[in-house]
Structure formats: C-alpha cells, structure tokens
Amino acid sequence: MKYGQYSSELHDGTIYTARWFAPETDPELMCRCGCRKFAIIGDMLMFLDELRDAAECPIWTTSGTRCRAHQEHLLQNNPNAVGNTPHEIQTDGLSYAIDSLVPEKFRNYSKQPEELYRDFIRKHHPTVRIGWRKYMLYRLKLLDSPTHRTFAPQPFVHIDMAYLLEGRHMNPIKAAAWRPGVEW
Ligand SMILES: [Zn+2]
C-alpha cells in the first residue's frame, strides 16, 4: 500500500496529501468511467482522513471524482439514484462532493444506517451538506420490490462541500444560495 499519492489543493492553495487513502486500496476516489481522473478538493481528503480516524474503520467512497462525461452518463441512466448535482461543480475542475458508503459498524441499530452515519458525520463537520433522505427512500423502495431486490444499492450518504470553501473560482452568487448544513 502506498500512501502519499492522493494529493490535492486545499481552498487556501496549499497541498494536502491523504494519510489514509491510496490508489491501490481506494481506486474509487478516481472517476469510474475508466478515465481514472482524480481531482477531489484537498479539504475533502482531509475530512475523509479525520472521519477515518474517528470511525476507526475503513471509509469507502462509492463515487469520488466524476468527469463530465461520466456524470452525464449516470444522469441519463438513473437520475433517481444519482441526484442532479455534479461532483465537480465549481469552476476550478475539482470535485467538491463524494458519496460515502455507510460502514458496517453503523448498520446494526434500529435506526436506518444512513441516519446514524449522517449523525456521525455531522458531529465532525456541522456545515457540510448531506444528501441521504432521498437516497435512503429510493433504496428502501427498491428493497421492497421483489423484482428489484438484487439491484438495491448499498446505503450511502452524499457529502457536499461545494460553495462552502472559498476556492479560487467560487461564484459568490451561487455561494449565497447554497446554505451550509442543508440536508435532503
Ligand atoms: Zn471519467
């Protein structure tokens, strides 16, 4: 395992290198269309490292960098499961959002695993925007359907930092419209 290979720019322009994530073990931080683009904002890498420390278990990303072609492909194929926010949303070419698989340790309680994981993430970062209700309901609907049971996605939450960070190319008008801490 080679750490020190996922490096990216923080919003202040300095470089952050992921402590816990490496291409050999965590290729999912790269685009899944086959292009293997890696362009996640350094602040997200730092956040994932901190989440990994606190959770004391692996953190899996189900969708990391998405190139524009891949985003369009996903939207065309399953808009309900994907959502309509591209991970690469600001204009500096970096991805400000990821989808994170709910780790096993958050799944053995009475609440839905997405809710528990959301609570845990919220403790560590009150301002990130978290998408989970929509995806949880979609997953439960699929689990309820005998014909779709085998295709039901694993529980995940969408973690979004777009317009929370004063990136070099942040659009202040959009930043004002995207409220910190929103959930959907
Ligand atoms: Zn791609």
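Can you tell me which residue is surrounded by the most Cβ atoms within 10 Å (Cβ to Cβ) among those in region 102-150 that are touching a helix residue (DSSP H, G or I) at 6+ places or on another chain (Cβ under 9 Å), hydrophobic (A, V, I, L, M, F, W, C) and over 24 Å from Pro180 (Cβ atoms)?
Among those residues, the one meeting the criterion is Leu142.
Could you please tell me which pairs satisfy a Cβ distance under 7 Å, a separation of 6+ or placement on different chains, a first residue in region 11-35 that is farther than 22 Å from Asp53 by Cβ, and a second residue that is among the β-branched types (Val, Ile, Thr)?
Met30/Thr65; Cys31/Thr65
How many of the residues making up region 40-70 are in a loop (DSSP other than H, G, I, E, B) and either of a type in the set (Lys, Arg) or more than 10 Å from the ligand (Cβ to nearest atom) (or both)?
Looking only at region 40-70, we keep the residues that are in a loop (DSSP other than H, G, I, E, B), and these are 41, 56-60, 64-67.
Checking which are either of a type in the set (Lys, Arg) or more than 10 Å from the ligand (Cβ to nearest atom) (or both) leaves us with 41, 56-60, 64, 66.
Of the residues in region 40-70, 8 are in a loop (DSSP other than H, G, I, E, B) and either of a type in the set (Lys, Arg) or more than 10 Å from the ligand (Cβ to nearest atom) (or both).
Of the conditions (1) farther than 23 Å from Arg122 by Cα; (2) assigned to a loop (DSSP other than H, G, I, E, B); (3) polar (S, T, N, Q), Ser8 fails just one. Which one is it?
Checking Ser8 against (1) farther than 23 Å from Arg122 by Cα; (2) assigned to a loop (DSSP other than H, G, I, E, B); (3) polar (S, T, N, Q), the one that fails is (2).
Which of the residues that make up region 76-101 are crowded, with 19+ Cβ neighbours inside 10 Å and at pLDDT 80 or above?
Hits for region 76-101 are Leu94, Ser95, Tyr96, Ala97, Ile98, Asp99, Ser100, Leu101.
Residue by residue through region 10-39, note down the ones that are more than 16 Å from the ligand (Cβ to nearest atom) and either within 13 Å of the chain's Cα centre (by Cα) or closer than 16 Å to Asp99 by Cα (or both).
Phe21, Asp26
The values are calculated or read from the model by the stated rules, or taken from the named source; none is laboratory data. Being a predicted model, the structure only gives us computed values, none of them experimental. Positions of Cβ are backbone-derived with ideal geometry, glycine not excepted, and every protein chain shown enters the neighbour counts.
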